[in-house]
Amino acid sequence: MKKIIVLLVSLLCLSMLAGCGDASAKITNPKEVIMTVGDLKVTREEMYSDMMLTDGGTAVNRVATSLIVNAEIENTDEIVNKAKEELETYRAQLDGDLETALSSLGYATEEEFLNAIIDSIKAETLLTKYFNDNKDELYTKYAPLLAKIIVVNTTGELDKDGAKAKANEALEAIKSGKSFDEVAEEYTSNKGLAAETLYTRESSLDTNVLQYLLTVNEPTLSGVIENKNATGYYVIQVTATNKAQVEDKFKASLLNNTDFNNNVYHSLFEKHNFTIYDIETYNNIKNNFPHILVQD
Amino acid sequence: MAKFLKENWFVAVIAAFFLCISIFYAVSTTKDNLPGKTANGKDVVFSVDDTNVTADELYDELFKTYGKNNLFLKFFEGVIDASVKEDSAMTTEINNSIASTINYYAQQGYNEEYLNQLSQYYYGYPTFREYVKYSIKGERLYASYIEEHKDEYVTDAFIAENSPRVISYCLIKMDKPAEPTAEETDRLNAAKDACNSDKYNVNNFDEFAKKFSEDTSTAPNGGKLGYMDKDAQLVEAFLKAALALKEGEVSEWVYDSNYGYFLIKCDSTSYEDFKSESAFVSAVISANEGLSNKIIWEQSQNINATFPDESVKQYIMSQLNVEGEGK
């Protein structure tokens, strides 16, 4: 009797430890053979394992995003009509072979593909919606403005004093009434920066230039600004700080910004309580799509 | 029970102690584990709000995209493996092919990982080695099928159209063939004289090419280029002269403005001499649209491939663009 009790206690302890690992989601009928070729038997389990290894993270991201996008944005006639227009464009481009193209992409029907287009339009709409809903916060975070910059760098023929004098000449020319563009054409060594461009707190600019831009609240002409390494001088014309004036470029810039996209989706996946119950999927998402992982 | 515990209190205390330790251990080691979830008896992979996505649903989603290609590749590999047994000679051929390709790409600044990525992206193979292995084994299967159906595919019309042959050549290289130096002219004249000599005449082309050819890739093998046909990627003058030769004939010296002078010999126009050549098999396959797919499907039927799921069979057949009952 004593031995039996000890054995039962041991089994109880073991049973508590057993099955306590990370969860692993299994498909039903894993051993079902879907194809036999020679000695090769392909089971559902093997297919699932292969597919998850290759495409699992992407598929989970795609399906979860679709669920979230559809929860956030309702189908409207405008979205559906836009999707139908895109479908017709694809049809015209593929010269009547849409069916084959869709099949190769894994779409069984045109309707499935249309829904995928609708999802992608909704995803874009979702980002715009996020931008509109969080506009004030985003303006504070990024501090966007439009500006044109003249650069005069030191060169073998132009020493530091010479470069500074040339930058001052440019500044005086603008102050005396010449257009910034005209002066830039004559003085700048970087024509790209002379064009009106959107800059934000995260722009890759010289520290001194960025520092100056962050202090500007309205269209202004700067003085001559020496760069951080004292190898060049800048004259900056801030052309727009008004939200309405910078909005289009600011929005376009953010919609193409990976960090912004990731931040938006992180907050949405959190809001919709995205939860993973399979350790392989968890690790895959952690490695490949960390921005959507919202559980510890 | 009380009596039992009273009589065995020490055992009970020990058992309780171990039970507590076990509970503590189980709780502390599993508190950070990922919990599982089931819905309607099926394992859930993830959820968004109240929507559960099960492993079965994810399987279907994956199968729509990556799964079909994966399945087709498995089918192809299964047919090849069941039909072509890899002997030591084939293993050597596969390894040599892999080594030479890796070496070639290394010289261009690409490593094996780059080739692995290409193989995976374009063909779905996990590694470049797998891609080469199944390409070579597949070629053997096609060659064997063409041999069995020679009368159907290697017809007089095909021979006349493609001019398949095995050739050798000797090259006298020149930097600027249009303006040869005296030394280059001397080398050419020496070779021209030798073709008619007793020792290095063109009837002994093998020895002649070994001695005089300046093409380092073919000279050590007696100038053997191997199989070629009308689609061979060769300089125009060379191709034209080589295709004009009958078996055993040697061309006149052929001038090419980039390389110098070639002397070409047609070693054979016999099917037996090139039936296993990769380029010949490719030529037959190219000349007969759908032949490779037909071979794979017929072979799958010979080895009793079975598809319990009719949709899988239909998918494989649609990929191969074949018709028939199958199993």
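Read the figures in this text as sums done on the coordinates, not as results from a lab. Note that this is a predicted model, so its numbers are computed, not measured. Cβ sites come from the backbone with ideal geometry, for glycine too, and all protein chains shown count toward neighbours.
Here are the numbers for the structure shown:
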item	result
Along chain A, longest interval not containing exposed GluC sites (Glu not before Pro), exposed being DSSP loop plus at most 11 other Cβ atoms within 10 Å	A:158-296
Residue with peak Gaussian network fluctuation, chain B [Cα springs, cutoff 10 Å], from B:Ala190, B:Ala99, B:Ala15	B:Ala15
For A:23-33, mean number of other protein chain Cβ atoms within 10 Å	5
Rounded FRET efficiency, nearest 0.05, which uses the C-beta distance separating A:Asn261 from A:Glu111 and R0 of 25 Å	0.35
GNM top mover of A:Leu105, A:Leu138, A:Leu87 - chain A, alpha-carbon springs below 10 Å	A:Leu105
17 Å reach of a label modelled at A:Asn29, 7 Å along Cα-to-Cβ, counting backbone N of the stretch B:56-71	B:56-64
Computed [θ] at 222 nm, helices only, for chain B once each DSSP H run of length n ≥ 4 contributes -39500 (n - 2.57)	-16500 deg cm²/dmol
Helical contribution to [θ] at 222 nm, DSSP H n ≥ 4, -39,500 (n - 2.57), averaged over chain A, rounded to 500	-18500 deg cm²/dmol
GluC sites (Glu not before Pro), loop per DSSP, at most 13 other Cβ atoms within 10 Å - longest free stretch of chain B	B:1-246
Simple label model, 7 Å out from Cα along Cβ direction - B:Tyr121 to A:Lys175, nm	5.5
Ranked list, fewest to most other Cβ atoms within 10 Å of each Cβ, for B:Cys266, B:Cys195, B:Cys170	B:Cys195, B:Cys266, B:Cys170
Among A:Ala184, A:Ala64, A:Ala92: highest mean-square fluctuation, GNM of chain A, C-alpha pairs under 10 Å	A:Ala92
Principal semi-axes in Å for the protein assembly as shown [√(5λ), Cα gyration tensor, largest first]	59, 50, 27
Cα centre as origin, Lys/Arg/Asp/Glu Cβ charges: the protein assembly as shown dipole, Debye	2540
Estimated inter-spin distance, A:Asp136 and B:Asp175, nm [label 7 Å along Cα→Cβ]	7.9
